[in-house]
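Engineer: Handing you this structure, nothing more for now.
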């Protein structure tokens, strides 16, 4: 097996082209790659009838399952598992109790049974009372060291190489790229700058409620145990409007949760591109078109043609899945 | 009187220095200017013990009264006045009814009596049902043409020249500047790029609720008549955490509404600068330290020393107030 350690997830700065200058080298020739290059040419080539000024070149990406492997558990659930390990060392009584036991035993059916909101709500409770800045540092420290048990790689190297190349290509063409995620903003921000070169303020996610503490010598925000808003489905569209204030021209998602955002972007005037990643590669990653309990994609896949979405097949359209030095995955 | 038309509000790109290269030419020598230059040097000079990487160089500015004249009415209230004129032409019965009559007669005491939230709530109702993108265009079109009756200048030229210079100086030093405003995000975004060179997604403001309409052939957001969140006081701090995800190192405000944000920024570790603009210039602008009903500053001014805020006197610290060609103002 190749050395899985060498993929650091930080190759985003120059990942947009092969050494010979060919763009998107990890994308196979095909309809998806052609649509991407045609779109970038249409909106960026000087003199193109559809050329857009840079401030209108806005691209949005879902996160879990679009930029980063989400199966069998999204990265936030792995972090939560670590937190539950810590808690169980202090409170051994947790070891036998559901849902903690499901995390401690890597019991996937029971974990999937919690649903995405169940897992996220547990995560909010598990980190409640922690000042936001300390939480962000904890998440960053964990990510720098953690290994992904199912993918057999550092967690920080579970980003998709073709997407790093796409983000780099867009950035070279003066696009501003945002992550629009159902995951928690603060968590995704802990690695978005290093993993994708996307600044923290270009991450739009689920927000936790916070308490502002302003006392002599203290001025900080503390995480509460409840969400302020879930960022999924129509709320991704609202989140884009509230945060970006402009309709993006390119959107990339992978699930029903992203469908409203993909339709919203696709329906704007002029050239628009909305892409849906299909996890159909059971060899290099996981094939779960039959449905993934935490992030179903049945509806989006079935209605892709109706809504003008470009489906991207991981199996057929991607020459590489993860960073090159560790492209195999293994199930433990 | 000089030609007030020539101030276009678009001189931000090169407004940071005088022709001889002296920074902040519209700032008089004094404690405020010295504090700004000392701070920028401390966090940006290579080798400084407090040097910060660019992604930590985050500055936040309040809007009405900090970057743009707010007295006797903030710019959003002027736009609302225009909308009420339109409505009254269709529905003449409005002319005699409070609060519409107060707008139609420029009746300042009655307008101030509505309070800031009263005016904003009326603005939300007056534009309810309008798709967000059409509203943004209407606001931009109005701003491009409107004149400020009390300041005798184009509305688009009511920004403060010293602040344009400060934003340009910060940008030259790789700062990312955000507007954190109690005003409505969509409205302020209509002019933030042209007035300040600040992209729409770097404006954090009061959000209106929206309805997502996804039907065949239609995909848009429509403004509802209610706010989603007011962005003032502690909620400015929450807004910064939710949107930026990082504590800024410089904050500039002008009112009690900004005090929590100023304290939050000032209390962080390392060099921090929190500034409070004092409207004490009754000749070139308006002196309202006695209190402005729509945006009181009594508490902030009284506690400035306690919280380590640098007070900026418009009268003493600013050599120029508005863009040079039209620095006089007149009351009609």
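What follows is calculated from the coordinates using simple rules that are stated; it is not laboratory data. As the structure is a computational prediction, the values presented were derived from the model and not from experiment. Don't worry about glycine lacking a Cβ; one is built from the backbone with ideal geometry, like all the others, and counts go over all protein chains shown.
Engineer: Which angle from 0 to 90°, rounded to the nearest 10, does the C-alpha axis of helix B:108-126 make with the longest principal axis of chain B?
Structural biologist: The angle comes out near 80 degrees.
Engineer: So, one more: In nm to one decimal, list the spacings between the residue A:47 label point and its equivalents in the other copies, with label points set 7 Å along Cα to Cβ, shortest first.
Structural biologist: 4.8
Engineer: Enter the angle in degrees (range 0 to 90, nearest 10) between the Cα long axis of helix B:75-90 and the first principal axis of the Cα atoms of chain B, meaning the one along which they spread out most.
Structural biologist: 10 degrees
Engineer: Determine the percent antiparallel among the DSSP beta bridges restricted to region A:174-318, to the nearest 5.
Structural biologist: Working: 9 of 20 bridges.
If I count the DSSP bridges inside region A:174-318, around 45 percent turn out antiparallel.
Engineer: For the protein assembly as shown, what is the percent of antiparallel DSSP beta bridges, rounded to the nearest 5?
Structural biologist: Values: 32 of 70 bridges.
Counting only bridges with both partners in the protein assembly as shown, antiparallel ones make up about 45 percent.
Engineer: Let me ask something else about it. Kirkwood Rh, region A:172-261, all Cα pairs: how many Å?
Structural biologist: Numbers: mean 1/r = 0.0696 Å⁻¹.
Roughly 14.4 Å, rounded to one decimal.
Engineer: Here is a follow-up. Pairs of alpha-carbon atoms within less than 8 angstrom and 6+ residues apart define the contacts here; what relative contact order does region B:75-129 have, in percent?
Structural biologist: On the way: 27 pairs, mean separation 19.8, N = 55.
Value for region B:75-129: 36 percent.
Engineer: Hey, got the average number of other protein chain Cβ atoms within 10 angstrom for residues in B:258-270?
Structural biologist: Details: counts 0, 1, 3, 1, 1, 4, 6, 1, 1, 7, 3, 1, 0.
That average works out to 2.
Engineer: Give me Rg/Rg_expected for region A:27-181, where Rg uses Cα atoms only and Rg_expected = 2.2 N^0.38 Å with N residues. Show your work: numbers first, answer last.
Structural biologist: Working: Rg = 20.0 Å, N = 155, 2.2 N^0.38 = 15.0 Å.
Its radius of gyration relative to the 2.2 N^0.38 Å reference: 1.34.
Engineer: Oh, and also: Given a Förster distance of 51 angstrom, what is the FRET efficiency for residue A:320 paired with residue B:38, based on the Cβ-Cβ distance and rounded to 0.05?
Structural biologist: Numbers: r = 50 Å, r/R0 = 0.98.
Between residue A:320 and residue B:38 the formula returns 0.55.
Engineer: Separation of region B:51-92 and region B:207-280 by C-alpha centroid, Å?
Structural biologist: For region B:51-92 versus region B:207-280, the Cα centre distance is 13 Å.
Engineer: For label points placed 7 Å from Cα toward Cβ, what is the shortest-first list of nm distances from residue A:137 to its copies?
Structural biologist: Computed spacing set for this position: 4.9 nm.
Engineer: I need the Kirkwood Rh of region B:31-99: take the reciprocal of the average 1/r across all distinct C-alpha pairs and report it in angstrom.
Structural biologist: Working: mean 1/r = 0.0613 Å⁻¹.
Radius from the Kirkwood sum: 16.3 Å.
Engineer: If you rotate chain A onto chain B, whose Cβ in A ends up lying nearest the axis, and how many Å away is it?
Structural biologist: In chain A, the Cβ lying nearest the symmetry axis toward B is A:243, 3.
Engineer: Follow-up. Cα-based Rg (one decimal) and Dmax (whole number) for region A:176-332, in Å?
Structural biologist: According to the Cα coordinates of region A:176-332, Rg and Dmax are 17.9, 59 Å.
Engineer: Counting only Cα atoms, I'd like the Rg/Rh figure for the protein assembly as shown, Kirkwood definition for Rh. Each step should come with its number before you reach the end.
Structural biologist: Working: Rg = 26.0 Å, Rh = 26.4 Å.
For the protein assembly as shown, the value is 0.98.
Engineer: Among bridges DSSP assigns within chain B, what percent are antiparallel (round to 5)? Show your work: numbers first, answer last.
Structural biologist: Numbers: 16 of 35 bridges.
Antiparallel bridges make up about 45 percent of those DSSP assigns within chain B.
Engineer: Apply 1/(1 + (r/R0)^6) to the Cβ-Cβ distance of residue B:130 and residue A:299, taking R0 = 25 Å, and write down the FRET efficiency to the nearest 0.05. Working shown, then result.
Structural biologist: Values: r = 30 Å, r/R0 = 1.21.
The value I calculate is 0.25.
Engineer: Ranking request for peptides A:131-138, B:251-258: highest mean number of other beta-carbon atoms within 10 Å first, then the rest in descending order. Present the calculation step by step, with values, prior to reporting the outcome.
Structural biologist: Details: A:131-138: 17.1, B:251-258: 26.9.
Listed from highest to lowest mean packing, they are B:251-258, A:131-138.
Engineer: For peptide A:212-220, what's the mean number of Cβ atoms from other chains within 10 Å of each residue's Cβ? Show your work: numbers first, answer last.
Structural biologist: Numbers: counts 11, 3, 8, 2, 3, 1, 1, 11, 6.
Taking all residues of A:212-220 together, the mean is 5.
Engineer: What distance in nm separates the simple spin-label points at residue B:82 and residue A:17, each placed 7 Å from Cα in the Cβ direction?
Structural biologist: Going by the 7 Å Cα→Cβ label model, 4.4 nm.
Engineer: A further question on this structure: Going by average Cβ neighbours within 10 Å, how do the peptides B:140-150, A:240-250 rank, with the highest at the top?
Structural biologist: Numbers: B:140-150: 16.0, A:240-250: 23.7.
Result, highest mean first: A:240-250, B:140-150.
Engineer: Ok, one more. Tell me the distances, shortest first, between residue B:97 and the same position across the other copies, using label points 7 Å along Cα→Cβ, in nm to one decimal.
Structural biologist: Residue B:97 label point versus its equivalents elsewhere: 5.8 nm.
Engineer: Please report how far the C-alpha centroid of region A:300-323 lies from that of region B:114-156, rounded to the nearest whole angstrom.
Structural biologist: Cα centroid of region A:300-323 versus Cα centroid of region B:114-156: 43 Å apart.
Engineer: Of all the Cα-Cα pairs you can form in chain A, what percent are over 25 Å apart?
Structural biologist: Values: 27746 of 54946 pairs.
When every Cα pair of chain A is considered, 50 percent fall beyond 25 Å.
Engineer: Something else now. For region A:75-148, take the convex hull of the Cα atoms, compute a quarter of its surface area, and give me that in nm², please.
Structural biologist: Details: hull surface 19.9 nm².
Orientation-averaged projected area of the Cα hull: 5.0 nm².
Engineer: Just checking the output field for A:197-203: average partner chain Cβ neighbours within 10 Å of each residue's Cβ?
Structural biologist: Mean number of neighbouring Cβ atoms from other chains: 4.
Engineer: I've got another one for you. Which order results if A:212, A:222 are arranged by neighbouring Cβ count within 10 Å, fewest first? List each step's numbers first, then the result.
Structural biologist: Working: A:212 19, A:222 16.
Going from least to most buried by this count: A:222, A:212.
Engineer: Taking only Cα atoms, what is the 0 to 90° angle, nearest 10, from helix A:234-243's long axis to the longest principal axis of chain A?
Structural biologist: Value to nearest ten degrees: 80.
Engineer: Let me ask you something else. Tell me, B:272, B:97 in order of fewest to most beta-carbon neighbours within 10 Å? Working shown, then result.
Structural biologist: Details: B:272 19, B:97 12.
Arranged by neighbour count, lowest to highest, B:272, B:97 become B:97, B:272.
Engineer: In nm, give the distance between the simple-model label positions of residue B:108 and residue B:121, each being 7 Å from the Cα along the Cα-to-Cβ direction.
Structural biologist: For the pair residue B:108/residue B:121, the computed spacing is 2.5 nm.
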